[in-house]
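The values are calculated or read from the model by the stated rules, or taken from the named source; none is laboratory data. Since we're looking at a predicted model, the values are computed, not measured. Methodologically, a virtual Cβ is constructed for each residue, glycine included, from the backbone with ideal geometry; neighbour enumeration extends over all protein chains shown.
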Amino acid sequence: MGKERRTMHVQLCMRGDMREEDAKKGISRRQFLAGSVAAVAGTLASDKLLAQTAATPQKKTGTKVILLGTGGGPRPNKVRNQSSQVVISNGIPYVIDCGGGVSRQMVFAGVPLTGLKNIFITHNHSDHNLECGALIYNAWVSGFKGKVDAYGPPPLARMTKSFLETNEYDISVRIPDEGRQPLGPMIEAHEMSKPGLVMQDDNVKVTCALVNHPPVVPSFAYRFDTKDHSVVFSGDTTPSENLVELAKGADVLIHEVLHKPGLAKLMARVPNADRLLEHIVGSHTTTDDLGKVAKQAGVKKLVLTHFVPVDDPSITDEMWVGPVRAHFDGEIVVGRDLLEV
Ligand SMILES: [Zn+2]
Ligand SMILES: [Zn+2]
C-alpha cells in the first residue's frame, strides 16, 4: 500500500513552544474540566461514568479505547459529539476520525493534546474530518512540538494544505509573537486508496479494509492490533463483507448503527427528507443487520456508536440493543461520549 499513498509535507511554520510550566497548568486545568464535565453532562452519560473517565490519568501501559464522539451525521446536537475515538496503547494516542469538537473531547477525556501523534480518517464526510486540521492546530497552540502522521483517503493532503493556508495569518503571527515552531513541517499527510497495512510501530499494527458507504469512495474501516488487544472501527458503512473479514476474531468491534424505525420522526424535521432518507438507508447499518455482522465476525464485544437518529430521547438503550441481541450473543455496549472501553 506504500506505493498507493501520496505523502506530503505541508510547509509553513515556526519554532519554540509552550513552556514546561504551561504544560503543568494544562494538567491542573484538565482536572478542573473533569469536574465541569461531570457537572453538566447528565444527558451524555452517567455522572459517575464521566467523573471516572475524565479524572483517570492515562495509563502508560496496556491498551484502551475512549469514545470521544458517538453521534452520527453533521448536524450539531445536545446529546452526542460528532464521530471520534482514540486508542491509547502504552500511553501513545491514535485518533480515529475527527468530527467537530474532537479537540475539546480529548481534553475532557484527559488525553493531552501535546501527545498527539497519529490520526486516521475513515472517510471524508464532515462528521468524521471537520476538525482534523483544527485538532493538529489546537495541539500546536497547546504546546505540541512533535510530528503528526495523518492517514486517510484523498484529498487528505489537499485538505491539510488548505487548512494551513486558511489559517496562515494566525499561524504566521503566532510564530514570532509566541515563539512557536512552524506548523506545516510537523504534519505528514498519507493518502490511502487501497486496503491493507496502514502503519506499524512498537505499539500497534494498523490495517484497513474498504467498506461500502456510497457515495463516499473510498471509505475505510480500521483494525488495531496491539500486544494485548484487537479493536476494529467500522467507520460508516452498510453491512460489509470486507468489514466482517477485517474484524474476524477481534476483541472489540466499534460499529456504526442506524435505528430504522426512528427515521420517520427525524425526516419530519428536515427540509431535504427524501434525499436524506435515501442516503441514510443506502449507506448505513441497521440494528438488525449489525447483529448479523457482529455474529459473522465472531467478535467478543460489540460497541454501538455513530447513532442515527442522534438525539431522539424516545429511542431507549433497550431499543438500540434488542434487534442486535436477536443475532449476537456476545457483550453489547451502547456507546456514550467519553466512555472508556
Ligand atoms: Zn458519519
Ligand atoms: Zn459518512
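Observations, loosely collected:
- Residue within segment 154-173 that is within 16 Å of ligand 1 (Cβ to nearest atom) and either closer than 24 Å to THR305 by Cβ or acidic (Asp, Glu) (or both) present: no
- Only one of VAL206, VAL216 that is part of a loop (DSSP other than H, G, I, E, B) and of a type outside the set (Lys, Arg): VAL216
- Only one of GLU278, GLU245 that is modelled with pLDDT under 95, in a helix (DSSP H, G or I) and not hydrophobic (A, V, I, L, M, F, W, C): GLU278
- SER193 within 15 Å of ligand 1 (Cβ to nearest atom) and either without any contact (Cβ under 8 Å) to a residue 60 or more places away in the chain or farther than 30 Å from TYR169 by Cα (or both): no
- Pick from segment 101-146, criterion surrounded by 19 or more Cβ atoms within 10 Å (Cβ to Cβ) and of a type in the set (Ser, Thr, Tyr), ranking: nearest to ligand 2 (Cβ to nearest atom): THR122
- Those helices (runs of 4 or more DSSP H) of segment 114-179 in which 2 or more residues are among the small types (Gly, Ala, Ser) and either without any contact (Cβ under 8 Å) to a residue 12 or more places away in the chain or closer than 27 Å to PHE220 by Cβ (or both) occupy 132-141, 156-166.
- Just so you know, in segment 77-94 the residues that are within 16 Å of ligand 1 (Cβ to nearest atom) and crowded, with 19+ Cβ neighbours inside 10 Å include one that is farthest from the chain's Cα centre (by Cα), and it is ARG80.
- Residue list for segment 213-249, restricted to those being among the polar types (S, T, N, Q), crowded, with 19+ Cβ neighbours inside 10 Å and closer than 17 Å to GLN296 by Cα: SER230, SER234, THR237, THR238, SER240
- Entry remark, segment 77-92: residues being assigned to a strand (DSSP E or B), hydroxyl-bearing (Ser, Thr, Tyr) and within 16 Å of ligand 2 (Cβ to nearest atom) number 1 in total.
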